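Novice: Attaching a single structure in structure tokens format; questions to follow.
The values are calculated or read from the model by the stated rules, or taken from the named source; none is laboratory data. This one's a predicted model, so the numbers in the text were calculated from it and none came from an experiment. Note that we place each Cβ from the backbone using ideal geometry, even for glycine, and neighbour counts take in every protein chain shown.
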Amino acid sequence: MSETPPGTTASATRCGLVAVVGAPNAGKSTLVNTLAGTKVSIVSPKPQTTRFRIRAVVMRGASQIILVDTPGIFAPRRRLDRAMVAAAWGGAQDADLTLLIVDARAGLTDPVRAILERLAKGQGGKQARIWLALNKVDLIPPQRLLPLAAEINAMLPLEETFMISAETGSGLDRLMDRAAEAMPPSPFLFPEDELSDLPNRMLVAEIVREQILRQTHEEVPHHATVETESWQERKDGSVRVDCTIYVGRATQKAILIGDGGARIKEIGQKARRELESLLERRVHLFLNVKDRPGWDEERGRIRALGLEDLG
């Protein structure tokens, strides 16, 4: 954490945490990446893509807005699921402001209603500040937006309502201007040029997992996890990274590897290209696949993801 930047005082700057919460596939990670101006959270069309809290740092005038991208909130079944949902609610409880993202196309689904009911009960006695952002408004008729916003506001006291498109950027300037004003007076918590608190080793694992999500289907994506086993700096400025992909069954391992190793090769190539762009250096990426039944119930694997094991 940094001190207040030279030439500024605590009273002259604002800084706070904004928890971005919502049901799976509401567009939370796309929104955080768009606002951060770079990829800090992986994105895929599949639900439950984000597994842990990722903080992105956004500067807006004299305000530092720390966006906390949380896992989608859903009905948990596995130990991993419970840890993910707890991380989402923990992010909301710790924040100065909770930004609820709702997919305007899907509307008031059962998962959204469950989130609204939980938010209405409060966060451990803390007086919550909650804003609503209806996302993907570019994909539905405008006349559907106001009735949806009114229905949600009737279920939960909301300070502000925004109509946005995380994909196109529509409405985001107004959202961030208001967020900058809403942050409490405080020194900055991060250097102004820092974009995220995601360590490089975890970034590599997440980029690999993103390619798994994009290139495999059905049961494989949600039964796979990636761990960075080693990170070796090279004299030429490049880096060698070895990752292990754990899946639940041997059949999933076979799908990931593909015929003659074709799929795992493509996953590695696309992940490496993206990592080289993000890290601005050459990356030598090596992937190993292991079937490990029940990994999503293992305390060690869950802690490796940066999640708290709830048992």
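Novice: From the list A36, A62, exactly one residue is in contact with a Lys or Arg (Cβ under 9 Å, 6 or more places away or on another chain), among the small types (G, A, S) and either modelled with pLDDT of 60 or more or surrounded by fewer than 22 Cβ atoms within 10 Å (Cβ to Cβ) (or both). Which is it?
Specialist: Every option except A62 fails the conditions.
Novice: Taking the stated definitions as given, is K126 of a type in the set (D, E, K, R) and at pLDDT below 90?
Specialist: The answer is yes for K126.
Novice: Here is a follow-up. In the range 143-216, which helices (runs of 4 or more DSSP H) lie fully inside it and hold 2 or more residues that are out of contact with any helix residue (DSSP H, G or I) (no Cβ under 7 Å at 6 or more places or on another chain), without any contact (Cβ under 8 Å) to a residue 24 or more places away in the chain and within 19 Å of L31 (Cβ to Cβ)? Explain how you work it out, then say what you get.
Specialist: Working: elements: 145-155, 172-182, 200-215.
In the range 143-216, the matching helices (runs of 4 or more DSSP H) lie at 172-182.
Novice: Could you check, for the range 219-239, whether at least one of its residues is modelled with pLDDT under 90, among the β-branched types (V, I, T) and more than 21 Å from the chain's Cα centre (by Cα)?
Specialist: no
Novice: Check whether at least one residue in the range 262-271 is without any contact (Cβ under 8 Å) to a residue 24 or more places away in the chain, more than 25 Å from V40 (Cα to Cα) and among the small types (G, A, S), and report yes or no.
Specialist: Looking for residues that are without any contact (Cβ under 8 Å) to a residue 24 or more places away in the chain, more than 25 Å from V40 (Cα to Cα) and among the small types (G, A, S), one finds at least one in the range 262-271, hence yes.
Novice: Among the residues of the range 217-256, which ones are assigned to a helix (DSSP H, G or I) and farther than 30 Å from E280 by Cβ? So that I can check it myself, show each step before the final result.
Specialist: From the range 217-256, those assigned to a helix (DSSP H, G or I) are 221-223, 250-256; that's our starting set.
Within the range 217-256, H222, H223, A250, T251, Q252, K253, A254, I255 meet the criteria.
Novice: Determine if the range 198-217 includes at least one residue that is more than 20 Å from the chain's Cα centre (by Cα), under 27 Å from V102 (Cα atoms) and at pLDDT 85 or above.
Specialist: no
Novice: Which number in (1) modelled with pLDDT of 90 or more; (2) part of a loop (DSSP other than H, G, I, E, B); (3) of a type outside the set (F, W, Y) marks the one condition that L307 misses?
Specialist: Checking L307 against (1) modelled with pLDDT of 90 or more; (2) part of a loop (DSSP other than H, G, I, E, B); (3) of a type outside the set (F, W, Y), the one that fails is (1).
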